[in-house]
Amino acid sequence: MMIASDFKPNKLLATNRSNGQHNEIKTRMIQAQRSNALHLSQMNLNQVLPEVFSMANLTRLDLSFNNIVKLSAQIGELTNL
């Protein structure tokens, strides 16, 4: 899956709504397309961004130190983790 150049994470998903954080998330998701490892630790996320579930080639997903209480059942679609 390619991340669209105009991709902006849903502002409701992050408690820190700064543009800098959204740019960082976008950068990390683009990097993950090459590395198959997505590191979203310490991004103040309340839930996993929906776009993550379509990144089928991910072999590593780091969501540590966020505010995520429950994972969506869609996490099971990431079978390479």
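Just so you know, all these numbers are worked out from the coordinates, no wet-lab data involved. What you are looking at is a predicted structure, and each value in this text was computed from that prediction instead of being measured. Please note: Cβ atoms are built from the backbone with ideal geometry, for glycine as well, and neighbour counts cover all protein chains shown.
Quick rundown of the values:
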item	result
Computed E for Phe65/Asn23 - FRET, C-beta separation, R0 22 angstrom, nearest 0.05	0.70
Placed amide H near Asp62: partners under 5 Å, 5+ positions off or other chain	Leu38, His39, Leu40
Cα Rg, Dmax (largest Cα-Cα span) when computed across segment 14-77, Å	11.2, 30
